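Below you'll find the structure, written out as C-alpha cells, and then a few comments.
The values are calculated or read from the model by the stated rules, or taken from the named source; none is laboratory data. Everything numeric here is computed off the predicted structure, so don't read it as measured data. Glycine also receives a Cβ, built like all others from the backbone with ideal geometry; neighbour counts cover every protein chain displayed. When the accessible area is computed, the model is the full protein with side chains, heavy atoms only, and any ligands, DNA or RNA have been set aside. Shrake-Rupley method; radii C 1.70, N 1.55, O 1.52, S 1.80 Å.
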Amino acid sequence: MANSRHAADSGAVAHAAESRWALLVGAIIAFLVGMVVYMSVHWAAMPPVRTETIDPGTLHLAGEFVEHNLGAVAEADGTVTLRLVANQYSFTPSCIAVPVDTPIQIRGTAADVVHGFSVGQSNVNVMLVPGYVSNFHTRFEKTGEHAMPCHEYCGVGHAAMWARIKIIDKEEFMRQAAGGRRVSCVQQ
Ligand SMILES: [Cu+2]
C-alpha cells in the first residue's frame, strides 16, 4: 500500500520535472528561432545583404580604395567610415584608429584572395572577398587596443597577417580627423 503510493508520487514528480524541461527546451528553441528571424530582418548578420562589386585589379589606381583614402574619416552626420584593404599578407592601414561610442561603418575589400578579420570584445567579424565591398556597422563601447587578425586562411603567411585597432577618445579622434583627414595610427 505504502509502496504503491510512493510509486504514484514519484510518477507525479517525474511528470512535473519532464514538463519543466520540455517547457525550458521549447523556450530555448523559440528564442533561437526568434533570433534567426531578427538577424535576418535586421542587417546584423554576415554575409552582407547588399552586394557591391569592385574591380580588384585597379584598387590601387583609382576609386574609393586608393591608399590615401584608406583609414577612418569623420562624416558630416557624426558617423565615421573606416576603409581598409587586405592583401597577402597585411591590412592597409596596419594600425587602425577609430573613436569610442560612435556609429562606425566599415567598408573593406581584398586585393588578391579571400581574407577576413575580427576584433576581440566586439561584434566585428567581416569577410573580405576580392571583387566585392564588405559593409559592416558597429560601435565600440570602450576605449582600448585590440589585435585584428586575418581569420580566413589566405596562404603561407596567413598566421602573420594581422593589424592593430585602437579605439580612442572621440574628441581626440575628431581633432585628428579635422579637415577630412584620413585617420590611422600607422607610424609615419
Ligand atoms: Cu589574410
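Among the chymotrypsin sites (Phe, Trp or Tyr not before Pro) found in the stretch 131-188, those both in a DSSP coil and sparsely packed, with 15 or fewer other Cβ atoms within 10 Å of their Cβ, are 153.
Put a plus charge on the Cβ of each Lys and Arg, a minus charge on the Cβ of each Asp and Glu, and nothing anywhere else: the dipole of the chain about its Cα centre is then about 220 debye.
Which whole-angstrom value gives the distance between the alpha carbon centres of the stretch 109-156 and the stretch 164-183? Here the two parts' Cα centres lie 20 Å apart. For the stretch 92-156, applying the loop criterion from DSSP together with a ceiling of 11 other beta carbons within 10 Å to the trypsin sites (Lys or Arg not before Pro) yields 142.
Entry note, the chain: the mean residue ellipticity at 222 nm calculated from DSSP H runs of n ≥ 4, each adding -39500 (n - 2.57), is -9000 deg cm²/dmol after division by the residues and rounding to the nearest 500.
Note on the chain: Cα convex hull, mean projected area over all directions, 16.3 nm². Simple rule: put +1 on each Lys or Arg Cβ and -1 on each Asp or Glu Cβ in the chain, find the dipole, and look at 58, 28, 82; the Cα lying farthest toward the positive end is 28.
Roughly what % antiparallel, to the nearest 5, for the DSSP beta bridges in the chain? Mind dumping the intermediate values first?
Details: 25 of 37 bridges.
Among the beta bridges of the chain, antiparallel pairing accounts for roughly 70 percent.
Near residue 96: Cβ cut-off under 9 Å, other residues only, Lys/Arg at +1 and Asp/Glu at -1. The net charge is +2. When you restrict to C-alpha pairs under 8 Å that are six or more residues apart and normalise by the size of the chain, the relative contact order lands at 22 percent. For the chain, 150, 154 have no disulfide-compatible partner, since no other Cys C-beta lies under 4.7 Å from theirs. Solvent-accessible surface of the chain, averaged per residue with a 1.4 angstrom probe and all protein chains in place: 59 square angstrom.
Using a 1.4 Å probe and counting only protein heavy atoms, arrange 146, 115, 60 so the residue with the most accessible area comes first.
On the way: 146 35, 115 0, 60 130 Å².
Per-residue accessible area, sorted high to low, gives 60, 146, 115.
Carbon-plus-sulfur fraction of the accessible area of the stretch 67-187, 1.4 Å probe, in percent?
Values: 2810 of 5620 Å².
Whole-percent figure for carbon plus sulfur exposure: 50.
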